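Shown next, in structure tokens, is the structure this report addresses.
The values are calculated or read from the model by the stated rules, or taken from the named source; none is laboratory data. None of the values given here were measured: they were computed from a predicted structure. With ideal geometry, Cβ positions are generated from the backbone for all residues, glycine too; neighbour counts draw on all protein chains shown.
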């Protein structure tokens, strides 16, 4: 009787194990993304939804190429870049481009997340946005410094699930018109002044 019970407990634990997809989602869909998407939706309605579809397809293509590189050749993206650029000047340029892209990309995402969270907290609790940014930055540094990544992973997964439920509930409550939604997703159109948002 003990073995089936242990098997059920293991199966239950595995069912609640989430892969890296939810962590990637937490990195991409944070408070900055939600704040920006909300303001763009308020300004332009459904007209820029096609850009979300385009961004998702583009991300899938790039991720698939990177995964195929790993599966077929057995190397990561860094090794592929190193093997492609064999001369010293080109190799240093490639390293500089990759490090800059990672650094600028991470800084941009984290800035967006901090500003988005600060905007949300400012709306909920009042206070200055700059104060919230400083407080959230300090909390982020402390969490990373403590190094409790398993706890942090669980927190991020829970927040992504909570955001997903909130998005679905908001969509059900708003009941967007199907025609406008379909047109926004399928017809590329850039309203005047929205290029920066695309």
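Whenever a residue of the stretch 157-174 is touching a residue at least 12 places away in the same chain (Cβ under 8 Å) and at negative phi, its partners that are surrounded by 13 or more Cβ atoms within 10 Å (Cβ to Cβ) and assigned to a helix (DSSP H, G or I), lying with C-beta atoms within less than 7 angstrom and at least six residues away or across chains, give the pairs 157/22; 159/26; 160/22; 160/25; 160/26. Checked against (1) assigned to a loop (DSSP other than H, G, I, E, B); (2) surrounded by 10 or more Cβ atoms within 10 Å (Cβ to Cβ), residue 195 meets all criteria but (2). Quick check: is even one residue across the stretch 112-133 at pLDDT 85 or above, within 30 Å of residue 46 (Cβ to Cβ) and part of a loop (DSSP other than H, G, I, E, B)? No, because not a single residue in the stretch 112-133 is at pLDDT 85 or above, within 30 Å of residue 46 (Cβ to Cβ) and part of a loop (DSSP other than H, G, I, E, B).
Would you say residue 190 is surrounded by 14 or more Cβ atoms within 10 Å (Cβ to Cβ), assigned to a loop (DSSP other than H, G, I, E, B) and either on the phi > 0 side of the Ramachandran plot or over 21 Å from the mean Cα position of the chain (by Cα) (or both)?
Values: surrounded by 14 or more Cβ atoms within 10 Å (Cβ to Cβ): yes; assigned to a loop (DSSP other than H, G, I, E, B): yes; either on the phi > 0 side of the Ramachandran plot or over 21 Å from the mean Cα position of the chain (by Cα) (or both): yes.
Yes, satisfied.
When restricted to residues that are in contact (Cβ under 8 Å) with a residue 40 or more places away in the chain and farther than 21 Å from residue 37 by Cβ, the stretch 117-156 contains 1. For the condition part of a helix (DSSP H, G or I), loosely packed, with under 11 Cβ neighbours inside 10 Å and either in contact with a helix residue (DSSP H, G or I) (Cβ under 8 Å, 6 or more places away or on another chain) or assigned by TED's automatic domain parsing to the domain that holds residue 115 (or both), residue 160 does not qualify. Residue 97 falls short of the stated requirement of being under 15 Å from the mean Cα position of the chain (by Cα) and at pLDDT 85 or above.
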